[in-house]
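To keep things clear, I will list the structure first and then write my remarks on it.
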Amino acid sequence: MFDKGKVVSYISDCCERSKNRKFVQSFDVSIRFLVDHSKKNKPFKGYLNLPHGYGARLRILAVVSDEHVEYFSQSSLIDDVCSITDITSLSVARLRGCYAVLTSSSLVESLFPVARRLSSRGLMPNLSYGTVCDDIISVAKDIKENGRIFFRMDKYGIVHCKLGMENDTVENLSDNFLSAFTKIRDDYLDSVDKKGSRDILKSVALSTTMGGVVKIPIKFLKLV
């Protein structure tokens, strides 16, 4: 289906361009789809598991009921716990560096007082991301140990997704890319009812935090 050899060469090129930085950069992909803006499309977003994980420590905050604060505070998978009665005091400082906020379906409506604060940082718990859940520990484990990554499409039809860190091997980054690309493409095809279509991609670009952008020609990624 893919010309994996070509994909590996482009990922290797992107890694080479990002060398000589004083910190380890994240490795990302941006997939631009052909979108019919004349139609009102549902927001396209979701999550996927990277086969080799993300390679960085991801901070998780759990919003729970008062009686469960102590239980979740003892879990090594949860970095911060906020009681639902203290939700209005959830500060920007506590959200800084946070990757995901998890809560249960019975408490999600209680987050409305801080919804704008969470949404502006992409942290509002959402069913599409699986961050509104009844088993918070399992989801936290999936994020930290199984490489669960969130993605969503912006208003320009571009889906941004993290693939790992630049210090990972090219082979692992390639596997993560192919897995993420396949999942996002197939989910998008299903969402717009164009299963089997060949002409949905506009561009695919790889990048690091402060490195250059490397575009992968669509011909190496099209459905066959």
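Numbers for the structure displayed
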{"read-out": "For q = 0.15, 0.21 Å⁻¹, Debye-computed log10 I/I(0) when each Cα of the range 25-142 counts as one equal scatterer", "value": "-0.74, -1.27"}
{"read-out": "LYS219/ASP36 FRET efficiency (R0 30 Å; Cβ-Cβ; nearest 0.05)", "value": "0.85"}
{"read-out": "Amide hydrogen neighbours beyond the local backbone of LEU50, cut-off 5 Å, H modeled", "value": "ARG148, ILE149"}
{"read-out": "Cα centre as origin, Lys/Arg/Asp/Glu Cβ charges: the range 59-137 dipole, Debye", "value": "560"}
{"read-out": "Under 11 Å, Cβ to Cβ, from ILE60 - net charge with Lys/Arg +1 and Asp/Glu -1", "value": "+2"}
{"read-out": "SER12-ASP186 FRET efficiency (beta carbon distance; Förster radius 25 Å; 0.05 resolution)", "value": "0.45"}
{"read-out": "Estimated [θ] at 222 nm from DSSP helical runs (n ≥ 4, -39500 (n - 2.57)) normalised by residues in the chain, nearest 500", "value": "-8000 deg cm²/dmol"}
{"read-out": "Residues whose placed amide H lies under 5 Å from that of LYS215, excluding near-sequence neighbours", "value": "LEU206"}
{"read-out": "The chain - share of DSSP beta bridges that are antiparallel (%, nearest 5)", "value": "70"}
{"read-out": "Sequence-distant residues sharing a close amide H with LEU201 (under 5 Å, placed H)", "value": "LEU34"}
{"read-out": "The chain: equivalent-ellipsoid semi-axes (sqrt of 5 x gyration tensor eigenvalues, Cα, Å)", "value": "33, 21, 15"}
{"read-out": "Peptides 42-48, 160-166 ordered by average Cβ neighbours within 10 Å, highest first", "value": "160-166, 42-48"}
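No lab work stands behind these numbers, since they all come straight from the coordinates. Everything numeric here is computed off the predicted structure, so don't read it as measured data. We place every Cβ from the backbone using ideal geometry, glycine too, and count neighbours over all the protein chains shown.
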